[in-house]
Amino acid sequence: MRRHCQFTVKRFQVNHTTRFAVRCRSAAGDNPVGSRFERGTPMPVVKDSYENEAEAQLAADKLQSYIDEYESKRKPTKRRRKR
């Protein structure tokens with residue numbers, strides 16, 4: 001199964017304080033997580049930034065399992081045969 005996107009944890013600094021954020025890496029690049037990923041059932045809570053990396057990684061894992069569950073329900077695309 002090909003993943004739509006993979007959720008990663010990125011470190012950044014705000015006012016000389018290290019914070020962590022969950023980001024979506026896909027063919028379109030590295031983007032912030034937003035409500036566009038909501039699929040019928042309520043999406044796991046993902047904050048803009050986290051105090052430590054462990055919390056951010058846990059949120060990324062929850063979001064990845066949420067998206068993978070939705071993607072597994074989709075039917076595979078029909079490919080045209082070459083003649």
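Derivation of every value follows stated rules applied to the coordinates shown; laboratory data play no part. Quantities reported herein were computed from a predicted structural model and do not represent experimental measurements. Note: ideal-geometry Cβ built from the backbone for every residue, glycine included; neighbour counts use all protein chains shown.
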- [ ] For the range 1-61, please list each of the strands (runs of 3 or more DSSP E) lying entirely inside it that holds at least 1 residues being surrounded by 12 or more Cβ atoms within 10 Å (Cβ to Cβ) and touching a residue at least 40 places away in the same chain (Cβ under 8 Å).
- [x] 6-14, 17-26
Task: Residue count for the range 4-26, restricted to those that are closer than 15 Å to Ile67 by Cβ and either among the hydroxyl-bearing types (Ser, Thr, Tyr) or more than 10 Å from the chain's Cα centre (by Cα) (or both) - done: 2
